[in-house]
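No value in this document is a laboratory result; all are computed from the given coordinates. Quick caveat: nothing in here was measured; it's all calculated off a predicted structure. Methodologically, a virtual Cβ is constructed for each residue, glycine included, from the backbone with ideal geometry; neighbour enumeration extends over all protein chains shown.
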Amino acid sequence: MHLDFSPQQHDLRRELREFLDVNLSASWVGVWQGPEAQAQSDRVVSLMADRGWLTYCWPEEYGGSGGSIWDQQVIQEELFAHHEPRGSQYMGVNWLGPVLMQFGSEEQRARFLPEISRGAAYWCQLFSEPEAGSDLASLRTAATRAADGGFVINGDKVWTSYANSATHGFLLARTDPQAEKHRGLSVLLIEMDTPGIEIREIPSTIGWHRLHSVRFTDVRVPASCLLGTLHHGWDVAMAALPYERVGNARYARTTRMLAVADAVAGDQAGAADDRVVDTLALGRMAELLNYRAAAVRESTGLVGWEASAAFAANALYEQESAALIERDVGFMAYVASGDPNAPADGELESFAVRQAPTVTIQAGSYQVQLSIVGQRGLGLPRAT
Amino acid sequence: MKGEGMRFDLPDTAEQLRSEVARWVDRRVPARGSTAAFSPDIWREFVHIGLLDPSVDELHRCVGLVEACRHGMCGPVLEARLGLLADPSGTAERELADGRVVTSVAPSPAGATLVGWGSVADLVVDQPSGAIVSREPLPAVRMAQPMPHGWYRRGAAATADPFDRERWLTGAAIIAGLAQGALALAVQHTADRRQFGRQLASFQAVQFPLAECKILVDGLYLMVLDAADRADRGTQDRVTQDRVTQDRVTQDRVTSALAWLAAVRCAEATTRACHQAFGALGFCLEAGLVQLTWGMAWLRLTSATPAARSYLAAHRQRQDHRSAPGCLVLEAFDGNDP
């Protein structure tokens, strides 16, 4: 029992903070602020790749440095706390890479993993559909076998983040329409500039090009796009989602935002201290639950229900903190980056208005996380 | 692998202790159906396990207390612990070792003060002063549920708490055990009880609050173990370093206060969710739930929550520089004494 980072990890954290202090502008509040933010993200990703930090914890054979899960935890915490300057690259590092290592062919691993490690590939996840959200297995996008062995894709995906900048897509599609719901699905690794793919931004309050719809009309892809076994894509997707949950150090950003809000609110915050410390106690709980999920992954090689417990705790902490910020800062919390009067250059707006309200609908809804905890953590029966 | 990581595994000795206490609880402490207010025999057996022994380190004590309280508190667990710390004469320790019921009075304003298990006590210690204030049972408190608490009339106010860290940590460990027990009872009840032709547990409206409790209960357990480990490291290192320096390093008081606040949150949520899952049966003594939820209420409502909040608020660090605020909760506190 020892729940501290090592001195080397403290050093890594310090280095990261210095790096981010130098390389992020004062107006940086995340990639979803406009084209300039995307360009800034690209620069930071390139510098991180040069330092070997982008895939620091991958095996060396795939372009990593062999860092431990705990080194990765430090990196995730610092980057997420600073509004994830990697943008979509975090997906490549945190869950696409591990899933490719687990399910990819030699050819796929040789092709995609070094690209991710160099920061040269941008991925998007193509799961949700207009009629398939939490009930993901009811998706309809069809990938029909073509005469040449490849696939022809038709259908619609929705709520896709990063589709505008993605070079590749991680697509879950139905390859056997006769099979029952969870069977007959496959994962295809596609290039997003393939003819027949139409991307449209869905304007929202949560960020520039944050959400998109993606239409596939007779999109032809080769057989080599298939990841894993044909018709067994559900297993691949279910392996990917927990990595996504355990890879989001959302609690780190929340804790930092509470401190930023405290500085903004100044003397007014004194009266709020009682509630803030109760919330920080919840934050410490979220931290430890995330560390437990990392420890489970380290010891078993798998991401279990503990990742869902951690993600749900992150959500509780994030939304309680956002409510505190609204209470202390008022409607000024809604003034965004770019406005000269925005509190903390818009950091609070990005957190409390754009991020926190959506935490309970990301990486599986909050209710999905609770179902997983209830059924796998408590042994409750499957709900009907 | 480059960096070594955190270790969640308990030392072998703590695992053995946990198993032994678990076996004792399952064998001797009824999980449900007991209407007795207090069993001197079970209290004596609990004391002889040694969890209240001042020489036991906090990690082992907390691991044991969590297990020991899964079926309810068998006596003044927190009060005896603090009474032993307060009494400089060693009388309380000797009386306890002889199987007597030792309890203590928490800091409080002047006037009538509630004392846990005071009406069955053989010895009552005043926590702030360490004085022995009674050698006989105190007048019983009238309550709907048989809890043998007693009344003590304090002459002058005594509000300084010399054992805040121990109160927060021990109290959090006990609540972790009580909450685990309450959740286990509720899960079992929802598996056994059928409505609309199916198990209660198969309804999402029942599952979700129980899953939220599971998250809080697990999280609290981790916080207790972490705070206990830091307290032990602080105790060891204070041999060569002053307390202020070491508090800054191990943050044992900060983590204990945070664990206490988390315990209060966990107790409130678990009480609410488990009683809702149980329905009317949950308020009947035969179900065993009220013994746990009233135990949590006793701790969360009589222990020093305002003091924990004040301590943490006084130790929060404020930084104005954009990139300066850390992203870890313990970075938000300096850990120094005021």
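To the nearest 0.05, what FRET efficiency results for A:Q102 and A:A146 with a Förster distance of 22 Å applied to their C-beta separation? For R0 = 22 Å, the calculated efficiency reads 0.20. Here is the size of the protein assembly as shown from its Cα atoms: Rg then Dmax, 27.7, 94 Å. Spacing of the modelled spin labels on B:A131 and A:R275, each 7 Å from Cα toward Cβ, amounts to 4.2 nm. Report the one residue of A:T300, A:T254, A:Q9 whose Cα lies farthest in the direction of the positive end of the charge dipole of chain A (charges on C-beta: Lys and Arg +1, Asp and Glu -1; origin at the Cα centre). Result: A:T300, furthest along the dipole toward the positive end.
Legend: mean number of C-beta atoms from other chains within 10 angstrom of residue C-beta atoms, peptide B:216-223, equals 6. Here the contact order of the range A:81-180, divided by its residue count and restricted to Cα pairs under 8 Å and six or more residues apart, works out to 28 percent. Per-residue extension of 0.36 nm, minus the Cα-Cα distance of A:N23 and A:K181, leaves a gain of 52.2 nm for this segment.
Give me the percent relative contact order of chain B, please, defined on Cα pairs under 8 angstrom at least 6 residues apart. Kindly include the intermediate steps, with their values, before the conclusion.
Numbers: 548 pairs, mean separation 57.0, N = 338.
That works out to 17 percent.
Net charge dipole, the range A:7-87: roughly 140 debye, given to the nearest 20, about the Cα centre with Cβ charges of +1 for Lys and Arg and -1 for Asp and Glu. Dipole magnitude for chain A: computed about the Cα centre from +1 point charges on Lys and Arg Cβ and -1 point charges on Asp and Glu Cβ, it is near 980 debye. Partner shielding of A:249-257 amounts to 3, given as the average count of beta-carbon atoms from other chains within 10 Å of each residue beta-carbon.
In plain terms, if you count all Cα to Cα distances in the range A:7-87 and split them into 5 Å steps from zero, the share in each step is 3, 15, 26, 25, 17, 9, 4, 0 percent. Between the exposed loop cleavage positions of chain A, defined as GluC sites (Glu not before Pro) in a non-H, G, I, E, B DSSP state with at most 16 neighbouring beta-carbon atoms within 10 angstrom, the longest gap is A:181-384. What the Cβ-Cβ distance of A:Y334 and A:I361 gives, at R0 = 22 Å and to the nearest 0.05, is a FRET efficiency of 0.65.
Label-to-label distance for B:E4 and B:L301 is 4.7 nm, based on points extended 7 Å past Cα in the beta-carbon direction. Our helix-only sum for chain A, with -39,500 (n - 2.57) per DSSP H run of n ≥ 4 divided by its residues, gives a mean residue ellipticity at 222 nm of -13500 deg cm²/dmol.
Which whole number gives the average, over all residues in A:72-82, of C-beta atoms from other chains lying within 10 Å of the residue C-beta?
Values: counts 2, 3, 2, 0, 0, 3, 3, 1, 1, 5, 2.
If you average over the peptide's residues, the count of other-chain Cβ atoms is 2.
When only the Cβ of Lys, Arg, Asp and Glu is charged (+1, +1, -1, -1), the dipole of the range A:248-377 relative to its Cα centre reaches about 640 debye. In this simple spin-label approximation, B:E268 and B:S89 carry label points 7 Å from Cα along the Cα→Cβ vector, and these lie 4.1 nm apart. FRET efficiency for the pair A:N154 and B:Q204, taken as 1/(1 + (r/R0)^6) with r the Cβ-Cβ distance and R0 = 22 Å, rounds to 0.05.
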